[in-house]
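Presented below is the structure to which this report refers.
The values are calculated or read from the model by the stated rules, or taken from the named source; none is laboratory data. Fair warning: this is a prediction, and the values are worked out from it, not measured in the lab. Neighbour counts run over all protein chains shown; Cβ positions are idealised from the backbone, glycine included.
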Amino acid sequence: MTTGAGQDTTEKVKPDPQARSRADWIKAAAVGAGMALVGCIMAIAFLWPLTNATPKNVELGLAGPEQAVAAMETNLDTQNPDLFDITTYDTREEAVTAVEEREIAGAIVTGGDRTEFLVASAGAAQVSQLLTQMADGMSVQQGSAVTVTDVVAGGRNAGAISMAIIAALIPGLAGSMVGFMAVKRAVNRFATLTAAGVVSGILSGLILGPWFGVLAGDYWAGALAIGLGTMAIGGFITGLGALLGGKGLGIGALTIMLFANPWSGNMAPKEFLPEPWGTIGSYMPNGTLITLLRDLSYFPSAPTAGLWWTLIAWVAFGLVCLCAGSWVQEKKAAEVAGADQ
């Protein structure tokens, strides 16, 4: 209310302390419940692939005389027709080479009174365990010993290579999100990702290679792979952020954490995951990087060009999205400036 003298006599409403206290309690409870919900979503994302891990189309080689190989193939198809995708070889040496080049996950050499299982524990541990269990069962069934030969044994550090994703995942996530908020120009954001990739590659390559011995291959190759992986992950998130704003940034981060990570084939090989998600996940930056690091360390005969180009393609995707987002923002700013004139 205003008097004739122009003085405002309107009474100010004092906030209700009890109402404010209730609002604070509700807000606190909502934040806690929200964080618990996020934890449940992450648990679902990571447990779903593992609890649905059923081996299918595992690439298996059969080597030996034609008649013995045909009988073994018929036996395997009869027991579980969808378990193996079989490739036949004439000799044991050919099968060993195929395992070393990661054309197949393992092999069975048969013929005469000898049966030998070739496994690669440095590759997918689940596949090695599956073939070893089959060998034990066949040994009991035949009443004679079945040999299991670990063609590519990575030692105790081979299993730890799955943790190498942290070397690219954390810098990629942090670099993209912090850089998006702190750096505005597209070219500068790409410089942020490049710096994160260079530093994480050099330092993480030292930590995972010479220090802990997790990466057994060439240091510079491992460092380059980690650096490209960091830039691929960060570019994916930052690129979507540049195109869609904060919403795109969140979508990118959630996709990397809740899809690309659990479906990367890191915790279980893609042959153990429901399709097509296992295959799609293996081509995401996370899955590509881990496969590349494993090949560089323990499968030097395996071709890796496709993996390198996949990481480069993800980096290029991030750069294109950054440029496109910058162009869209500049166009909008120009339209607003024109409308104000």
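Out of all the residues in the range 288-311, is one or more at pLDDT below 90, buried (at least 23 other Cβ atoms within 10 Å of the Cβ) and hydrophobic (A, V, I, L, M, F, W, C)? Before you say what the answer is, go through the steps one by one.
Initial filter on the range 288-311 (at pLDDT below 90): none.
The answer is no; no qualifying residue exists.
Hey, among the residues in the range 270-311 that are assigned to a loop (DSSP other than H, G, I, E, B) and within 16 Å of the chain's Cα centre (by Cα), which one's nearest to A167 (Cα to Cα)? Break it down into steps so the answer makes sense when it comes.
Keep residues of the range 270-311 that are assigned to a loop (DSSP other than H, G, I, E, B), which gives 273-276, 284, 299-304.
Filter once more, keeping what is within 16 Å of the chain's Cα centre (by Cα): 273-276, 284.
Details: L273: 24, P274: 27, E275: 28, P276: 27, M284: 16 Å.
My answer is M284.
Among the residues of the range 66-76, are any assigned to a loop (DSSP other than H, G, I, E, B), surrounded by fewer than 18 Cβ atoms within 10 Å (Cβ to Cβ) and assigned by TED's automatic domain parsing to the domain that holds V109? First the steps, then the outcome.
Filtering the range 66-76 down to residues assigned to a loop (DSSP other than H, G, I, E, B) leaves none.
No, the range 66-76 contains no residue that is assigned to a loop (DSSP other than H, G, I, E, B), surrounded by fewer than 18 Cβ atoms within 10 Å (Cβ to Cβ) and assigned by TED's automatic domain parsing to the domain that holds V109.
Among the residues of the range 114-164, how many are in a loop (DSSP other than H, G, I, E, B) and surrounded by 13 or more Cβ atoms within 10 Å (Cβ to Cβ)? Spell out how you get there, then give the answer.
Within the range 114-164, the first condition is being in a loop (DSSP other than H, G, I, E, B), and the residues that meet it are 120-124, 143-146, 151-158.
Then drop every residue that is not surrounded by 13 or more Cβ atoms within 10 Å (Cβ to Cβ), which leaves 120-124, 146, 151-154, 157-158.
Counting residues in the range 114-164 that are in a loop (DSSP other than H, G, I, E, B) and surrounded by 13 or more Cβ atoms within 10 Å (Cβ to Cβ) gives 12.
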Out of L296, L249, which single residue is among the aliphatic types (A, V, I, L, M) and within 24 Å of A120 (Cβ to Cβ)?
L296
Which numbered condition V315 fails, given (1) surrounded by fewer than 22 Cβ atoms within 10 Å (Cβ to Cβ); (2) within 30 Å of I44 (Cα to Cα)
(1)
